[in-house]
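Single-structure report; data block below.
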Amino acid sequence: MEVQDKLAILADAAKYDASCASSGTEKRDSRDGKGLGSTSNGICHAYTPDGRCVSLLKILLTNWCVYDCLYCINRKSSDVRRARFAIDEVVQLTLSFYRRNVIEGLFLSSGIIRTPDYTMEQVIEVARRLREVEHFKGYIHLKTIPDASPELVERAGRYADRLSINVELPSAQSLKALAPEKNADGIERTMSRIHLRLQATKDAKREAMAVRALPGAAARAAKPPSFAPAGQSTQLIVGADASDDIAVLKLSSRLYTGQGLRRVYYSAYSPIPHASTQLPPQAAPLMREHRLYQADWLMRFYGFGADEIVTEAGFLSLHHDPKLAWALAHPASFPLDVDRAPREALLRVPGLGVGSVDKLLAARQSRRLRRADLLALGPAVKRALPFLVAVDHRPRAADVQLLARPAHQPQQVALF
Amino acid sequence: MALPLRHPADWPGFAAQLPALLAGDADWTRDVGAQAALFGAPAESTAQAWTPPDGWDDLGRRVAMHADDARYARLLAFARRLQREPLLWADVLDPDRRRLQSLARQVDREIHKMHAFVRFREVADEHAAGGRRHVAWFEPMHHILRAVAPFFVRRFAQHPWAILTPLGCLHWDGQRLTGAGPAQREDAPPEDAGEALWLTYYRSIFNPARLKVAMMKKEMPVRYWAQMPETRLISELVRDAPRREGRMRDL
């Protein structure tokens, strides 16, 4: 099979992984006399008509798989076309795409062939060749096979910027029912092993940074070898089982705080050919996925807790974004005085982002704020006006009621 | 008085003249190339020296790259206000300040998009190390060529490349970066052998079940499309999406 055909099959098979982040890793570049590439704060080199960015060459090493996870297009019993890349084919594709300036690096994942350890070794070998033979300085994200041995995870972290293990489903029972070869305990065990390893590297780095005064020794200790400097992330499918949004967000919150994850990605379930009767016949609304991302964002940057952000029975509102839904459910918290309200309170106002809030806080040091100042922040701030009081602005109760009406179906839903 | 600027985005050159400009009452009339001139002569510096606030230099450097012909006039006018109103710099919502910030943001965004959307093609070149060069064509909207160069040098330090634009060119031979005058689209190389693989990838990674064309256009505005080979697939991908989505469901 030609590389062209393999690429078509193995990119198609990889597109269900939502992650394309290429930021937050250590600084590297190719000015040291050999190799190719550098790291960045994340660059999206192209956008496809699904609105997603192309940042990494996102492919599977193979879509052959011995597992039979019911929700997965590549499961053993599926009749998709199969292909397998040779290790060097992936290396050359990465380098050639990188020189064209269409990617920041590689995101490599794989179906399980033979054993988890064998598969993991193949995946690591691609990364090793890129780093040690080609001196590739770009970004590498490796999908970790949960049952791979700890030594292999250790080696993967040496070459990769980011490691990820998919938790797949929001509950252990669902995973047992839909992915019989996987188990939630094993997944979390590997995750916390990576977490501990990341922490140990961080501590070692801090220690090495400390200036010391030892006779005959350098002022600083040697820098410890890096281990997945962009941390770990995970992905889970929503809508393939009965778990509600509270369950999903509580899980995310636990993973962010307990396992130190950088990102949790959500993927709305969509039916696959010859689906099991255990799976829902309908795709989960993409809006649900979108709302989960919004809620996730609010938990990480706006001080919202997983237990307060879902204001309807178990699920986020599909009509209103989670921040507006929260504000509508807490009328006593508003309106806020823009000249006096604390930062945490202003962050909860619909239509005000972190940037806008910080601008308001800076500007009110020098003078009182007016309605025109609010409007100057941008078009989104119109939605904030019903929740704010300024020296020349006082909202009417009717303004909030107007927002509460689901005015139009969101555009995303209308497309389907 | 002759304009001291050496090129259209010469912020240090402008900043060096700023004290003299502030001391007089001359206006900045034009700022394109070496012909730009001041209106009238600057007075001897009698007023007390102006110490610009932290952040002024950064803002000015970015605004100076903008294509807006009035950029230096705006900077001069705002510097005059800053001199008169000591609290002005803290007022980030002042309309003149917002206008400058917005110009600076447009420049930042164009730099970011140029880092992202430049597309290199391989060209055989017997004089180049390795026998080949990577050459790209790009049409930046602002005067950002100098500002994007360090990114590409860090990233592609070991092989020769060139970026051709209608505002000037960058050439890297693996050792040294040199600038050159404007190029034309015809100077850019045609499709090379490896491009088909990239097009295959672009076609295959697209998920036809999640069409969001407006989102794509927002992040990848149509004005860049002519410089990016993959964009010629877009109309076909959008047209075939419903059929491909159906096939995904009932394969």
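The values are calculated or read from the model by the stated rules, or taken from the named source; none is laboratory data. Treat the numbers as computed from the prediction; the structure is a model and nothing was measured. Note that each Cβ is placed from the backbone with ideal geometry, even for glycine, and that neighbours are counted across all protein chains shown. What goes into the accessible areas is simple: the full protein's heavy atoms, side chains included, and nothing from ligands, DNA or RNA. Shrake-Rupley method; radii C 1.70, N 1.55, O 1.52, S 1.80 Å.
Tabulated data for the structure shown
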read-out: Beta bridges by DSSP in chain A, antiparallel share as percent, to the nearest 5; value: 15 percent
read-out: Selection of trypsin sites (Lys or Arg not before Pro), region A:184-274, meeting DSSP coil and at most 13 other Cβ within 10 Å; value: A:ARG212, A:ARG220
read-out: Length released on extending from A:ARG396 to A:VAL211, taking residue separation times 0.36 nm less the Cα-Cα span; value: 60.6 nm
read-out: 5 angstrom amide H check on A:ALA83, placed H, neighbours 5+ away; value: A:ASN63, A:TRP64
read-out: Separation in nanometres of the label points that stand 7 Å from Cα toward Cβ, at B:TRP225 and B:SER102; value: 2.7 nm
read-out: Cβ-Cβ FRET estimate between A:ALA177 and B:ARG244, R0 fixed at 25 Å, reported to 0.05; value: 0.25
read-out: Neighbourhood net charge (15 Å Cβ-Cβ; Lys/Arg +1, Asp/Glu -1) for A:ASP392; value: +4
read-out: Accessible surface, per residue, of the protein assembly as shown when the full set of protein chains is kept, probe 1.4 Å, Å²; value: 45 Å²
read-out: DSSP-assigned coil residues among trypsin sites (Lys or Arg not before Pro) in region B:169-223, each with at most 15 further Cβ atoms within 10 Å; value: B:ARG176
read-out: Paramagnetic reach from A:ARG220 (point 7 Å along Cα→Cβ, amide N under 18 Å) across region A:28-48; value: A:28-29
read-out: Pair A:GLN199, A:LYS34: separation of 7 Å Cα→Cβ label points (nm); value: 3.7 nm
read-out: Under-5 Å amide H pairs with B:VAL92, H placed in peptide plane, nonlocal only; value: A:ALA363
read-out: Which listed pairs, of A:LYS58/A:LYS382; A:LYS27/A:LYS143; A:LYS250/B:LYS217; A:LYS15/A:LYS250; A:LYS323/B:LYS217; A:LYS34/B:LYS212, have C-alpha distances above 30 Å, in listed order; value: A:LYS58/A:LYS382; A:LYS250/B:LYS217; A:LYS34/B:LYS212
read-out: Label-point separation in nm, A:LEU361 to B:ALA214, each point 7 Å along Cα→Cβ; value: 3.3 nm
read-out: Chain A, helix-only ellipticity at 222 nm - DSSP H runs n ≥ 4, -39,500 (n - 2.57), divided by all residues, nearest 500; value: -11000 deg cm²/dmol
read-out: Where GluC sites (Glu not before Pro) fall in DSSP loop in region A:92-188, at most 13 other Cβ within 10 Å; value: none
read-out: Backbone HN-Hα couplings from phi across region A:243-253 [Karplus 6.51/-1.76/1.60, Hz, Gly and Pro as x]; value: 4, 8, 5, 4, 4, 5, 6, 5, 4, 4, 4
read-out: Alpha-carbon centroids, region B:193-210 and region A:145-189: separation in whole Å; value: 29 Å
read-out: Surface share of carbon and sulfur [accessible, 1.4 angstrom probe, percent] for region A:278-374; value: 55 percent
read-out: Two-site FRET efficiency, B:GLU186 against A:SER149, from Cβ-Cβ distance with R₀ of 56 Å, rounded to 0.05; value: 0.45
read-out: Per-residue ³J(HN,Hα) for region B:95-112, Karplus 6.51 cos²θ - 1.76 cosθ + 1.60, θ = phi - 60°, Hz, x for Gly and Pro; value: x, 5, 5, 4, 4, 5, 4, 5, 4, 4, 5, 4, 5, 4, 5, 5, 5, 4
